[in-house]
Amino acid sequence: MSYSPAPDDDAIIAEEDMFATGEGCSQISFLSSQLLEDHILGLDKTLNDSSATLALSQTSPGVDIALPSSLLQDVKGSLPSSLNPTGKYPSVDELCLADIHFTVIPSSTQGSGFIFSEQLQKLFLKTDSICSFDIACQLPTFLPPTGWYVRVMLVSLAPESQHESITRCHKHIAHDTGPEEIRKHVVRCKNEQHEYVGADNGPFFEDRYAVRVPLDDEVLCVKIMLQFVCQNTCFRLDQRRTGLVFTLENDQGNIWARRVVPVKICINYRRDMQNEQNSATNFLPTSCLTAGRSDAPGTSAVRRYKTGRPGKRLQRGGKLGPGGGSFNRADRTVPVRAARHIEPYTVNIEMPSLRMAKRVMDNAIGMISAQILLEDNTETKNRLKVFLDSIRGQREALAMSNSQCSVDLL
């Protein structure tokens, strides 16, 4: 069982995906293909150790491999660079590698200070509350059974701010009497074995504030207990939609799996959950909303009335209209706005660095995406999508240089 952020076709524009693939979800499909067999056979010829053995089984679509330690190191060193997150922004897209099963499940759906919404697949909790997650994974035989970690990182799910780190607000930091090196971490770990990583305002994956917890080498699972010491309202407005990103990593720091659990840290977590569930329900088709209701069309419903003026009956939820009639909610129609007048304008600006140029385009993508969601006119939506696709194309055409300074010029 795994959780992923709610899809939002127009609003969620993927940050440069460090695990981009084509069809399917396998990121290293060659590990269970003929290509891997040929690759290992080539490495086997270069080994001088006559005792080295290489066993390949073709009894199934996958390849079962028994590798000596020296050959295994060669295979590790030849893994695709896309597994290395160094110098790249964190991704919020779930990662599914061939023959690897990685699950993240809340230990309980509700407890003291938190509740998990099955409808939204989202965790709601209040500040300083503690909740736990059951982490488990199954690895194919060609991967070593030891040296695996889970990194937990709080990131923004809004595409226009995924490239910026999330840290605690000054108010909460001022009241923190804990160690200086972890005061800016929003997520704290209560496990006995854990490690805090990251640097202040680190833009890339390896620089973000996070906590790493080792997996049990015998069963490759762990229960991670987390505490949240800041609220979503403390973050910037464009960072308030957050999620916990769980990544499965080996001792070299390569990422093999990723799961995302949306979270909201707030004061009245039950109320906020109910509000978001009601908002999500309002977007369901009318047939889903009226199913099973006694006042649905085609059913006989007993209407209740309350007393209005003498001689007049006022329907509940309605009001008197001209001539003593009443207005029903069902009789009202919501007018659709006419198409907006859009005046395209081209801007050519020179930025101090490539990274700053990409951030400007990220903000433009976020603004247009938000406007598309607010529009109810189909023609206007389609016209805005043309601009959005154009900016996306230009954004993807920019190539980030790893040698560039990690701190933007202001």
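The values are calculated or read from the model by the stated rules, or taken from the named source; none is laboratory data. What you see is a predicted model; the values in this text were computed from it and never measured. Glycine also receives a Cβ, built like all others from the backbone with ideal geometry; neighbour counts cover every protein chain displayed. Just so you know, the surface numbers come from the protein's heavy atoms only, side chains and all, with ligands and any DNA or RNA stripped out. Shrake-Rupley method; radii C 1.70, N 1.55, O 1.52, S 1.80 Å.
Distance check, please: which entries in Lys264/Lys381; Lys358/Lys381; Lys184/Lys381; Lys190/Lys358; Lys223/Lys358 exceed 31 angstrom between their Cα atoms? Over 31 Å Cα-Cα: Lys184/Lys381; Lys190/Lys358; Lys223/Lys358.
Taking the alpha carbon gyration tensor of the stretch 95-279, multiplying each eigenvalue by 5 and rooting it gives semi-axes of 26, 20, 16 Å, largest first.
When the inverse distances between all different Cα atoms of the stretch 354-395 are averaged and flipped, the Kirkwood radius reads 10.6 angstrom. The Ala280 and Leu354 beta-carbon pair, evaluated with R₀ = 30 Å, returns a calculated FRET efficiency of approximately 0.20.
Across the stretch 363-368, computed HN-Hα scalar couplings (Karplus, 6.51 cos²θ - 1.76 cosθ + 1.60, θ = phi - 60°) run 5, 5, 4, x, 5, 5 Hz from first to last residue, x flagging Gly and Pro. The figure for Lys223 is an accessible area of roughly 100 square angstrom, using a 1.4 Å probe on the protein chains alone. Annotation: amide H-H contacts under 5 Å for Arg258 (H modelled 1.01 Å from N, sequence separation of 5 or more, or interchain): Leu95, Leu248. For Cys96, the accessible surface of its heavy atoms amounts to roughly 50 Å² (probe 1.4 Å, protein chains only, rounded to the nearest 10). The shape of the stretch 182-258 can be summarised by an equivalent ellipsoid whose semi-axes, obtained from the alpha carbon gyration tensor, come to 24, 15, 12 Å from longest to shortest. Using a probe of 1.4 Å, the accessible surface attributed to Asp216 totals some 70 Å² when neighbouring protein chains are kept in position.
Charged side chains reduced to their Cβ positions (Lys and Arg at +1, Asp and Glu at -1) give the stretch 354-395 a dipole of some 340 debye around its Cα centre.
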